[in-house]
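K.L.:
Supplied in structure tokens, the structure appears directly below.
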Amino acid sequence: MTKMIEEQLKKDIPEIRPGYTVVVRQKIKEAGKERIQPFEGLVIAKKHGSGINATITVRKISGGIGVERIFPIHSPSIEKISVVKKSKVRQAKLYYFRGRFGKRGKIKSKREIIVPEVIIEKAPKETPEN
């Protein structure tokens, strides 16, 4: 029984914690066709551990209205989950974000990814000799 459940668990899931901004790509079936619909937002809750029943609650603002979706992590309809940004939070559940918007509704990043600038050395300009 447990071996069968372990086979159903996905192996390619990154570490997901509250405060992370993620993109969840979900397979949607419409009129006999299948497409991938991305949903990008802030993880405000993770529930039920990391087993077969594990879920994450993702919140985003769409058209000025807060939209929350609960995704079962190991569902066959979830194609991929990728982490976009990691933010610093001190609570396990971020339900207080439901009442925040604008500048108050943002979280500080844990660390900023700094891309080193490539320094290109320019050849000295040739000056015409008189």
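K.L.:
Is it the case that LYS46 is in contact (Cβ under 8 Å) with a residue 12 or more places away in the chain, out of contact with any His (no Cβ under 6 Å at 6 or more places or on another chain) and loosely packed, with under 11 Cβ neighbours inside 10 Å? Spell out the reasoning first.
P.N.:
Details: in contact (Cβ under 8 Å) with a residue 12 or more places away in the chain: yes; out of contact with any His (no Cβ under 6 Å at 6 or more places or on another chain): yes; loosely packed, with under 11 Cβ neighbours inside 10 Å: no.
No: the conditions fail for LYS46.
K.L.:
If ILE5 passes every condition in (1) without any contact (Cβ under 8 Å) to a residue 24 or more places away in the chain; (2) part of a helix (DSSP H, G or I) but one, which one does it miss?
P.N.:
Against the list (1) without any contact (Cβ under 8 Å) to a residue 24 or more places away in the chain; (2) part of a helix (DSSP H, G or I), ILE5 comes up short only on (1).
K.L.:
Next question, about the same structure. Before we move on, is LYS27 at pLDDT 90 or above and in contact with a strand residue (DSSP E or B) (Cβ under 6 Å, 6 or more places away or on another chain)?
P.N.:
Details: at pLDDT 90 or above: yes; in contact with a strand residue (DSSP E or B) (Cβ under 6 Å, 6 or more places away or on another chain): yes.
When the stated conditions are applied, LYS27 passes them.
K.L.:
Which condition from (1) of a type in the set (Ser, Thr, Tyr); (2) part of a loop (DSSP other than H, G, I, E, B); (3) at pLDDT 85 or above is the one that THR127 breaks?
P.N.:
The one condition THR127 does not meet is (3).
K.L.:
Identify, please: which residue in the stretch 94-109 is modelled with pLDDT under 90 and surrounded by 13 or more Cβ atoms within 10 Å (Cβ to Cβ) and is, among those, farthest from the chain's Cα centre (by Cα)?
P.N.:
Here the residue is ARG100.
K.L.:
Can you tell me which residue in the stretch 80-93 is surrounded by the most Cβ atoms within 10 Å (Cβ to Cβ), limited to those that are within 13 Å of VAL22 (Cβ to Cβ) and not basic (Lys, Arg)? Walk me through it before giving the result.
P.N.:
Taking the stretch 80-93 and keeping what is within 13 Å of VAL22 (Cβ to Cβ), we get 80-87.
Remaining after also requiring not basic (Lys, Arg): 81-84, 87.
Details: ILE81: 22, SER82: 13, VAL83: 14, VAL84: 11, SER87: 17.
The residue in question is ILE81.
K.L.:
Can you tell me which condition LEU42 does not meet? The list is (1) out of contact with any helix residue (DSSP H, G or I) (no Cβ under 8 Å at 6 or more places or on another chain); (2) of a type outside the set (Lys, Arg); (3) closer than 27 Å to SER109 by Cβ, and all the others hold.
P.N.:
Going through the list (1) out of contact with any helix residue (DSSP H, G or I) (no Cβ under 8 Å at 6 or more places or on another chain); (2) of a type outside the set (Lys, Arg); (3) closer than 27 Å to SER109 by Cβ, LEU42 breaks only (1).
K.L.:
Conditions first: (1) within 30 Å of MET4 (Cβ to Cβ); (2) at pLDDT 85 or above. SER50 passes all but one, so which condition is the exception?
P.N.:
Here SER50 meets the rest and fails (2).
K.L.:
Kindly indicate the residue of the stretch 17-38 that is of a type in the set (A, V, I, L, M, F, W, C) and buried (at least 18 other Cβ atoms within 10 Å of the Cβ) and also farthest from LYS80 (Cα to Cα) among those meeting that condition.
P.N.:
So the first thing to find is which residues in the stretch 17-38 are of a type in the set (A, V, I, L, M, F, W, C), and the list is 22-24, 28, 31, 36.
With the extra rule that they be buried (at least 18 other Cβ atoms within 10 Å of the Cβ), the set shrinks to 22, 24.
Values: VAL22: 10, VAL24: 6 Å.
For the stretch 17-38, the residue satisfying everything is VAL22.
K.L.:
From the list VAL84, VAL67, pick out the single residue that is in contact (Cβ under 8 Å) with a residue 12 or more places away in the chain, more than 24 Å from LYS29 (Cα to Cα) and assigned to a strand (DSSP E or B). Full working, then the answer.
P.N.:
Numbers: VAL67 fails: more than 24 Å from LYS29 (Cα to Cα).
Going through VAL84, VAL67 in turn, the sole match is VAL84.
K.L.:
Can you tell which of GLY51, GLY19 is in contact (Cβ under 8 Å) with a residue 24 or more places away in the chain, assigned to a loop (DSSP other than H, G, I, E, B) and over 11 Å from the mean Cα position of the chain (by Cα)? Give the derivation first.
P.N.:
Working: GLY19 fails: over 11 Å from the mean Cα position of the chain (by Cα).
One residue alone meets the criteria, GLY51.
The values are calculated or read from the model by the stated rules, or taken from the named source; none is laboratory data. Bear in mind that the values here come from a model prediction, so they are computed numbers and not experimental data. Note: ideal-geometry Cβ built from the backbone for every residue, glycine included; neighbour counts use all protein chains shown.
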